[in-house]
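Q: Structure in structure tokens, see below.
The values are calculated or read from the model by the stated rules, or taken from the named source; none is laboratory data. The structure presented is a predicted model; accordingly, all values stated were derived computationally and were not measured. When we count neighbours, we look across all protein chains shown, and the Cβ atoms used for this are built from the backbone with ideal geometry, even at glycine. What goes into the accessible areas is simple: the full protein's heavy atoms, side chains included, and nothing from ligands, DNA or RNA. Shrake-Rupley method; radii C 1.70, N 1.55, O 1.52, S 1.80 Å.
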Amino acid sequence: MKIILKTLLLIALTGLLSYLTACAPKSQQDCGFVQNVYGERISWKGKVPVVMKLHESVPKEYYSSIAEAAEKWNQALGKTVILVDTEDIQKGPTQSFKDTQNVVYFYNSWEAEKPTEQARTSVYWIGDEIKEADIRVNAKNFKFYGMTLQDKGPSKVSIEALLIHEMGHVLGLKHKDVDQSVMATYLASQSDRVSIAATDKKSLTCEY
Ligand SMILES: [Zn+2]
């Protein structure tokens, strides 16, 4: 009798466990994307194109390079997933915050302990869906060159290459240090890493 009861209890528990498992979101292959605590890829899902606005701290001579960075992703994917609005310039303090707008900022001050960080992208998501992303460029420790500023100079960084990488983060991608990915952690100065690699395209097609 005792044994039968135990068995029944075990069956009941097993039933409950499988029910709970069914309720939890299914873990996915990362496909190059950042994943949430359930192992789901985070992305904008169907809500593209993502529109990036520019803060007034961004020098005008970089507008075309930043717009081109977005265009490189769109061309690679054959679909418009990200756009740069070069008209509606955002005013106010140079401070990235959660305000439902996706904004690019040029910071003239940067944490003293992180002088080698070229830029930082903050991505906010709920569940598996990205709601907002901001890009901060470290204009304190770095000098840049772009389409209208051809002077590469020693130790200057390609603004287009840098923004391609950061926009990859905006779209949900994580670092990838193989296969000539534009998501490689480090971008050398004077490096024109402006071709989206096959591996990056493949990653994006998992979500877009
Ligand atoms: Zn990065």
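Q: Take Lys79 and decide whether it is among the basic types (Lys, Arg), away from the ligand (no atom under 16 Å from the Cβ) and over 17 Å from Leu173 (Cβ atoms). Give the steps one after another, and end with the answer.
A: On the way: among the basic types (Lys, Arg): yes; away from the ligand (no atom under 16 Å from the Cβ): yes; over 17 Å from Leu173 (Cβ atoms): no.
In short, no.
Q: Next up: Against the condition assigned to a helix (DSSP H, G or I) and at pLDDT 95 or above, how does Ala67 come out, does it pass? Write out each step before concluding.
A: Values: assigned to a helix (DSSP H, G or I): yes; at pLDDT 95 or above: yes.
Yes, satisfied.
Q: Report the residue count in the range 177-198 for those that are open to solvent by 60 Å² or more (accessible area, probe 1.4 Å) and more than 15 Å from the ligand (Cβ to nearest atom).
A: Residues meeting the conditions: 6.
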